[in-house]
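**Q** Take this structure first; my questions come after.
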Amino acid sequence: MNVETLVSERYAEGAKAVQEALCCPVDYDTSLLKMLPTEIIERDYGCGDPSRYVREGDVVLDLGSGGGKICYMAAQIVGEQGAVIGVDMTDDMLELARSYQDEMASKLGSDRVDFRKGYIQDLALDVSALEQWLAQNPVKDLAGMQALEQWKQRQRADSPLVEDDSVSLVVSNCVLNLVAQNDRAQMLREVFRVLKPGGRVAISDIVCDEPVPQHLQDDAQLWSGCISGAFQEKEFVQAFLDAGFVGVAYDKWESEPWQVVEGIEFRSVTLVATKPSRQDLYDGGDAVLYRGPFSKVEDDLGNVYCRGDRTAVSRRTFELLTSGDYQEHFVGMSPAEEINNGCFCKPAGTLRPAAETKGASHAGGNDSGGCC
Ligand SMILES: C[S@@+](CC[C@H](N)C(=O)[O-])C[C@H]1O[C@@H](n2cnc3c(N)ncnc32)[C@H](O)[C@@H]1O
């Protein structure tokens, strides 16, 4: 049996009746749960609360949306201008989530949640459309297989389930660990593809402190129970860096393990990361000052920022370091007059003389209007 079938069968059961063994205690924002049907709250197989990262106006994609709890929580935050897409491969889970869609739309004041059938490692493939096509074109031979592959390629290109650069936040709650090892790099490339430049991810999942031996990975109950497919804690971070994300960080780390199997600790974490912007690397005369408390820090591109130094940065790096999760660590400084010195080609770590940014606006600080 392949991994998807194994996992889908287990969660189809979880959609029909609560499976205690799959429940990991989570401290949700209870104000967002008030509006949710009890059945959705009970059939919760998450291990964290990525809805905490949603902002008003976001277009949110929930990978492995299950009964729809995180989608319906996020829908309350995104408001009228935002939207929420839930992708899941299990029919019973989609049916459960969709069964409350009208009720939730009337409570929210608009229908801003859309549940789509798909695989999170292939977010372009519309699995409902594929099923319809297969019903009309059953594959009986090699020619049929080729026609199927051609149809899939065309469908992905012409009407992808989730379009390129269309989402501002990707969330997920206890799902990535269920994806087959061989599909994981593609899954993260897909997450990268669908995010807008500057878009964010907030992934709650299970990680382990040591590599999981093969015999535990082969245990169907442990795998489908969100245990033996867990990423090792360093590999999880590296997988996002390899896919091109920056600002990759463990924002939440449960000190108590959820499970311990053969001495390996499995715990719930929430990882955040950002898709870098595609803005040109031009020199707008900007600098950032690293606040401390460490003597220096190094970003994922190898640039080093020493505490207290006005370090010259490109406009793209400036915008990254003075927003999102970085901004509490840096003070941003820009020239009073907008300038463009052309391509940013200073060696990493070049300092910017104070005279060049004096009297400028200071971004990312809590000292607006003051001077540093
Ligand atoms: C542990 S449950 C979590 C559900 C939901 N996120 C929650 O917080 O309750 C895992 C869900 O992910 C879905 N899933 C697992 N692997 C998937 C994949 N490769 N593609 C799409 N959905 C997947 C399952 O069908 C199931 O609904």
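**Q** In whole percent, what relative contact order does the range 192-261 give with Cα contacts below 8 Å and a gap of six or more residues?
**A** Dividing the mean separation by the residue count of the range 192-261 yields 29 percent.
**Q** Looking at A287, A355, Q327, which one has the Cα that reaches farthest to the positive end of the dipole of the range 286-363 (charges on Cβ: Lys, Arg +1; Asp, Glu -1)?
**A** A355
**Q** Do the sum for the chain: with -39,500 (n - 2.57) for every DSSP H run of n ≥ 4, divided by all residues, what is the mean residue ellipticity at 222 nm, to the nearest 500 deg cm²/dmol?
**A** Helix-only estimate at 222 nm: -8500 deg cm²/dmol.
**Q** Please compute the length gained on full extension between D114 and N137, using 0.36 nm multiplied by the number of residues separating them and subtracting their Cα-Cα distance.
**A** Once the chain is fully extended between D114 and N137, it gains 5.5 nm.
**Q** Enumerate the aspartates and glutamates that K346 could reach by cross-link, defined here as Cα to Cα under 17 Å, with residues fewer than 8 away along the same chain left out.
**A** Here the aspartates and glutamates satisfying the reach criterion relative to K346 are D280, D283, D286, E298, D299, D309, E356.
**Q** Provide the net charge surrounding I120, with neighbours chosen by a C-beta distance below 13 Å and charges set as Lys +1, Arg +1, Asp -1, Glu -1.
**A** -2
**Q** With a Förster radius of 51 Å, plug the Cβ-Cβ distance of V26 and A336 into 1/(1 + (r/R0)^6) and report the FRET value to the nearest 0.05.
**A** Efficiency, rounded to the nearest 0.05: 0.60.
**Q** What lysines could a cross-link reach from K34, if we take a straight Cα to Cα line under 28 Å and drop same-chain neighbours fewer than 8 places away?
**A** K16, K69, K107, K117, K252
**Q** Shifting gears a bit: Count neighbours as other Cβ atoms within 10 Å of each site's Cβ, and list the GluC sites (Glu not before Pro) in the range 234-283 that are DSSP loop with at most 12 such neighbours.
**A** Loop-located and lightly packed - E262.
**Q** When the dipole is taken about the Cα centre of the chain, and only Lys, Arg (+1) and Asp, Glu (-1) are charged at their Cβ, what size is it in debye, to the nearest 20?
**A** 1080
**Q** Each label point is 7 Å from the Cα along the Cα-to-Cβ direction; what then is the distance between the points at K234 and D165, in nm?
**A** Here the modelled spin labels are 3.6 nm apart.
**Q** Distance between Cα centroids, the range 131-209 to the range 5-72: provide it in whole Å.
**A** 20
**Q** State, as an integer percentage, the relative contact order of the range 286-363 based on alpha-carbon contacts under 8 Å between residues 6 or more apart.
**A** It comes to 37 percent, rounded to a whole number.
**Q** Under the 0.36 nm per residue contour assumption, what length would be gained going from the current alpha-carbon distance of K358 and A185 to full extension?
**A** Here the segment from K358 to A185 would lengthen by 57.8 nm.
**Q** How much accessible area per residue does the chain have, in Å², with a 1.4 Å probe?
**A** 47
**Q** A follow-up question, please. What range in the chain is the longest one free of trypsin sites (Lys or Arg not before Pro) that are in a loop by DSSP and have at most 10 other Cβ atoms within 10 angstrom?
**A** Segment 141-277 is the longest.
**Q** Which of the GluC sites (Glu not before Pro) found in the range 11-79 are in a DSSP loop and have at most 10 neighbouring Cβ atoms, other than their own, within 10 Å?
**A** Passing sites in the range 11-79 are E56.
**Q** At 18 angstrom or more along the helix axis (alpha-carbon based) and mean Kyte-Doolittle of 1.6 or higher, what helices does the chain contain? Whole DSSP H runs only.
**A** none
**Q** Set the Förster radius R0 to 51 Å, insert the Cβ-Cβ distance between V18 and K296 as r into 1/(1 + (r/R0)^6), and round the FRET efficiency to 0.05.
**A** 0.50
The values are calculated or read from the model by the stated rules, or taken from the named source; none is laboratory data. All values reported here derive from a predicted model rather than from experimental measurement. Every residue, glycine as well, gets a Cβ built from its backbone with ideal geometry; the counts of neighbours run over all protein chains shown. For the accessible areas, the whole protein counts, side chains as well, though only heavy atoms, and no ligand, DNA or RNA atoms are used. Shrake-Rupley method; radii C 1.70, N 1.55, O 1.52, S 1.80 Å.
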